[in-house]
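Take a look at the structure below.
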Amino acid sequence: MAATPRMELEKMSVEHLRGLKEQVDMEVNLLQDSLNNLRSANSRLEIASAALHDLSVRPRGKKMLVPLTASLYVPGKLDDAEKVLVDVGTGYFIEKTMVEGKDYCERKIALLKSNYDQLLEVTAKKRSIADEAGAILQAKLKQLAPSQ
Amino acid sequence: MAAIKELTRDLENKANDFRKLEKDIQKNQQVKKKYTIQLGENELVLKELDLLNEDTNVYKLIGPVLVKQDLAEANANVRKRIEYISAELKRLDSTLQDLQEKLNSKQESIAKLQQRIQALQAGKAKA
């Protein structure tokens, strides 16, 4: 299975190989960007989940500082932490209980993790093709050079 | 001599057409990408909405205002949006196919033209 693509690559001309390697390199970069995006989205969700867990153990009426802007906080008291508003996308917010909210976070984190793993596999495969193409390209160039 | 000039001009025109087709294909793919992302997001929202009880409160962000929405209405809106986006994507797909075909045939006629020009130039050089 791994031998056949290598033979295909061996058959190609230097030009063709170079073009192919460039294209696959670009694809690997794009995939890497997606992987990074997934990782940062995942860490945001983890932070949200941690915040939820923290809120759930705070008593009602607990004093807190509420952010109004990035640099302005006002003192306030914690109201009912049993209800939370969840941003589910495209401008929709759903009122959920604390338990449902935590569950939502867990579900999303699991989904992102599985997407991340799938993408990692695909990226690894593409990267190995790029590496092979590069190696064969080097070999061919070396073959051409001494004959000149 | 004049024939070569004419053919060269024709080649330039065809090359311009080719580049324009390539740009159109690129734009098409960008729009398709945007719509695909929106479709994915909307489908996620629909899944979440489907999990809710009838009495759950749903709110929609319209500008800076969070407005309470009826669950049935929210469901209907999201479904309609998904339908619309899917239709748009199908339309874009067929446009893309169309553009690809035009691109390929343009490439063929450019290649043929280049061959003719080369042949004429070779003939001239001999004469």
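Report relative contact order for chain B in percent, whole number only (criteria: Cα-Cα under 8 Å, sequence separation at least 6).
That works out to 40 percent.
Anything losing 20 Å² or more of accessible area from the isolated chain to the full protein assembly: pick those residues out of segment A:62-97, probe 1.4 Å, ligands and DNA/RNA ignored.
In segment A:62-97, residues shielded by partner chains: A:Leu85, A:Val88, A:Thr90, A:Gly91, A:Tyr92, A:Phe93, A:Ile94, A:Glu95, A:Lys96.
D for segment A:1-97, whole µm²/s, Stokes-Einstein with Kirkwood Rh over alpha-carbon pairs at 25 °C and 0.890 mPa s: what number?
131 µm²/s
Percent of accessible area on segment B:14-70 owned by carbon and sulfur, 1.4 Å probe?
The computed percentage sits at 53.
Output wanted: per-residue J couplings in Hz (rounded whole) for segment B:74-84, from phi through Karplus 6.51 cos²θ - 1.76 cosθ + 1.60, θ = phi - 60°, x for Gly and Pro.
With coefficients 6.51, -1.76 and 1.60, one gets 4, 4, 4, 4, 5, 4, 4, 4, 4, 4, 4 Hz.
Could you do me a favour and compute the accessible area per residue for the protein assembly as shown, 1.4 Å probe, result in Å²?
With the other protein chains kept in place, the protein assembly as shown gives 70 Å² per residue.
Express the carbon and sulfur contribution to the solvent-accessible surface of chain A as a percent, rounded to the nearest whole number, probe 1.4 angstrom.
Using a 1.4 Å probe with all protein chains present, chain A comes out at 59 percent carbon and sulfur.
With a 1.4 Å probe and all protein chains kept in place, how do A:Tyr92, B:Tyr59, B:Tyr84 rank by accessible area, largest first?
Ranked from most to least accessible, the order is B:Tyr84, B:Tyr59, A:Tyr92.
Which positions within segment B:1-50 get 30 Å² or more of their accessible surface covered by the other protein chains, compared to the chain by itself, with a 1.4 angstrom probe?
Buried on complex formation: B:Glu41, B:Leu44, B:Val45, B:Glu48.
Nearest 100 Å² is fine: what is the total accessible surface buried where chains A and B meet, probe 1.4 Å?
1500 Å²
Taking the convex hull of the alpha carbon atoms in segment B:73-127, what volume per residue do you get, in Å³?
Dividing the Cα hull volume of segment B:73-127 by its residue count gives 39 Å³.
Do the alpha carbons of any pairs in B:Lys5/B:Lys32; B:Lys33/B:Lys60; A:Lys142/B:Lys27; A:Lys113/B:Lys33; A:Lys142/B:Lys23 sit beyond 31 Å of each other, and which pairs?
Checking Cα-Cα distances, B:Lys5/B:Lys32; A:Lys142/B:Lys27; A:Lys142/B:Lys23 exceed 31 Å.
Quick check: convex hull over the Cα atoms of the protein assembly as shown, volume per residue in Å³, rounded to an integer?
Convex hull volume per residue, Cα atoms: 248 Å³.
Would you work out if segment A:51-102 is rounded, prolate or oblate? Take a ≥ b ≥ c from the square roots of the eigenvalues of the alpha-carbon gyration tensor; rounded if a/c is under 1.5, else prolate when a/b is larger than b/c, oblate otherwise.
Because a/c hits 1.5 or more and a/b fails to exceed b/c, segment A:51-102 counts as oblate.
Per residue of segment A:79-90, in order, report the coupling 6.51 cos²θ - 1.76 cosθ + 1.60 (Karplus, θ = phi - 60°) as ³J(HN,Hα) in whole Hz, putting x for Gly and Pro.
Coupling constants for segment A:79-90: 8, 5, 8, 7, 10, 10, 9, 10, 7, 9, x, 6 Hz.
From the phi of every residue in segment A:129-135, what ³J(HN,Hα) in whole Hz does the Karplus formula 6.51 cos²θ - 1.76 cosθ + 1.60 yield, where θ is phi - 60° and glycine or proline is x?
My calculation for segment A:129-135 gives 5, 4, 4, 4, 4, x, 4 Hz in order.
As an exercise, find the ratio Rg/Rh for segment B:35-96 from alpha-carbon atoms, using the Kirkwood inverse-distance average for Rh.
Value, to two decimals: 1.06.
Any idea what angle helix B:2-50 forms with the longest principal axis of chain B, computed on alpha-carbon atoms, 0 to 90 degrees, nearest 10?
Once rounded, the angle reads 10 degrees.
The values are calculated or read from the model by the stated rules, or taken from the named source; none is laboratory data. Source: prediction; values computed, not measured. Just the protein is used for accessible areas: all its heavy atoms, side chains included, with ligands, DNA and RNA removed. Shrake-Rupley method; radii C 1.70, N 1.55, O 1.52, S 1.80 Å.
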